[in-house]
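Peer 1: Structure in structure tokens, see below.
The values are calculated or read from the model by the stated rules, or taken from the named source; none is laboratory data. The shown structure was predicted, so the numbers you read here are calculated from the model rather than taken from an experiment. FYI the Cβ positions are ideal-geometry reconstructions off the backbone, even for glycines, and counts take in every protein chain you see. For accessibility, only protein heavy atoms count, side chains too; no ligands or nucleic acids. Shrake-Rupley method; radii C 1.70, N 1.55, O 1.52, S 1.80 Å.
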Amino acid sequence: AMMIDSGNNWLLKNAALIDHTSLMDIFIQGEHIQSIGANLKPAPETQVLDLEGRLVIPGFVDAHMHLDKSFALDSGLEASDTLEGAIAAFFKWGEDVSPELIYQNARKVAELALVHGTIALRTHVMVYLERSHEWLDALIRAREAMSPWLEIQLAILPDAVVFNDPDGNKIIRA
């Protein structure tokens with residue numbers, strides 16, 4: 001995937017836009033669109049990309065994701081045909097999965113979301129397992145690593161144990 005460096009200028013040629021009947025050019029300076037028009041001329045040191053009529057739309061926002069469970073079935077979680085079985089299997093899997101694997105899997109899903117047009121996502125994080133703080137730390141790491149390109153919001157789903165824990169407020173405010 002091609003990442004646009006915030007220090008570069010780009011001219012996207014021949015872009016299809018929803019509100020235009022003909023192909024348009026889009027001039028991007030740093031991180032901001034500066035102009036949209038027909039047959040724009042590139043300034044010096046501007047990178048030019050011909051979109052060949054591809055549709056340009058705003059980035060997607062995914063408001064409900066579970067990065068802490070990303071690729072769990074590929075990482076040892078046993079599948080189940082029932083909700084009760086799936087919950088039991090998840091807790092069993094959660095006892096042994098490493099925070100590094102949570103980070104790697106979350107990062108992989110975040111990168112996939114990004115290359116498919118997502119610019120922001122909200123992930124729900126379960127903090128009722130004994131090692132939940134390790135998972136939360138892994139997701140905070142993934143959020144920080146992806147922050148130049150993707151906004152990740154962590155939505156904490158605590159249980160009563162977290163609220164009654166003296167350190168619970170630290171977990172919730174992370």
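Peer 1: Can you tell me how many residues within the range 43-55 are of a type in the set (Gly, Ala, Ser) and either surrounded by 13 or more Cβ atoms within 10 Å (Cβ to Cβ) or at pLDDT below 90 (or both)?
Peer 2: 1
Rundown of residues vs (1) among the acidic types (Asp, Glu); (2) in contact (Cβ under 8 Å) with a residue 60 or more places away in the chain, yes/no style:
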| position | (1), (2) |
| --- | --- |
| Leu17 | no, no |
| Gln34 | no, no |
| Val48 | no, no |
| Glu52 | yes, no |
| Asp68 | yes, yes |
| Asp74 | yes, no |
| Ile87 | no, no |
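Peer 1: Every residue in the range 56-69 that is of a type in the set (Asp, Glu) and at pLDDT below 95, please.
Peer 2: Once the filter is applied, which keeps residues that are of a type in the set (Asp, Glu) and at pLDDT below 95, the range 56-69 yields only Asp68.
Peer 1: So which residues in the range 5-33 are within 26 Å of Met146 (Cβ to Cβ) and touching a strand residue (DSSP E or B) at 6+ places or on another chain (Cβ under 8 Å), if there are any at all?
Peer 2: Result: Asn8, Asn9, Trp10, Leu12, Ala15, Ile26, Ile28, Gln29, Gly30, Ile33.
Peer 1: Something else now. Take Ala110 and decide whether it is of a type outside the set (Ser, Thr, Tyr), surrounded by 13 or more Cβ atoms within 10 Å (Cβ to Cβ), outside any helix (DSSP H, G or I) and in contact (Cβ under 8 Å) with a residue 24 or more places away in the chain.
Peer 2: no
Peer 1: What is the one condition in (1) farther than 19 Å from Val61 by Cβ; (2) open to solvent by 30 Å² or more (accessible area, probe 1.4 Å) that Asn105 does not satisfy?
Peer 2: That leaves (2) as the condition not met.
Peer 1: Taking the conditions exactly as written (modelled with pLDDT of 90 or more, under 10 Å from the mean Cα position of the chain (by Cα) and surrounded by fewer than 18 Cβ atoms within 10 Å (Cβ to Cβ)), does Ile119 satisfy them or not?
Peer 2: yes
Peer 1: Filter the range 56-100 for residues that are open to solvent by 50 Å² or more (accessible area, probe 1.4 Å) and either among the basic types (Lys, Arg) or assigned to a helix (DSSP H, G or I) (or both) and give the result.
Peer 2: Lys69, Leu73, Asp74, Leu83, Glu84, Ile87, Ala88, Phe91, Lys92, Glu95, Asp96, Glu100
Peer 1: What about Asn9, is it touching a Ser or Thr at 6+ places or on another chain (Cβ under 6 Å) and either surrounded by 11 or more Cβ atoms within 10 Å (Cβ to Cβ) or within 20 Å of Gly117 (Cα to Cα) (or both)?
Peer 2: yes
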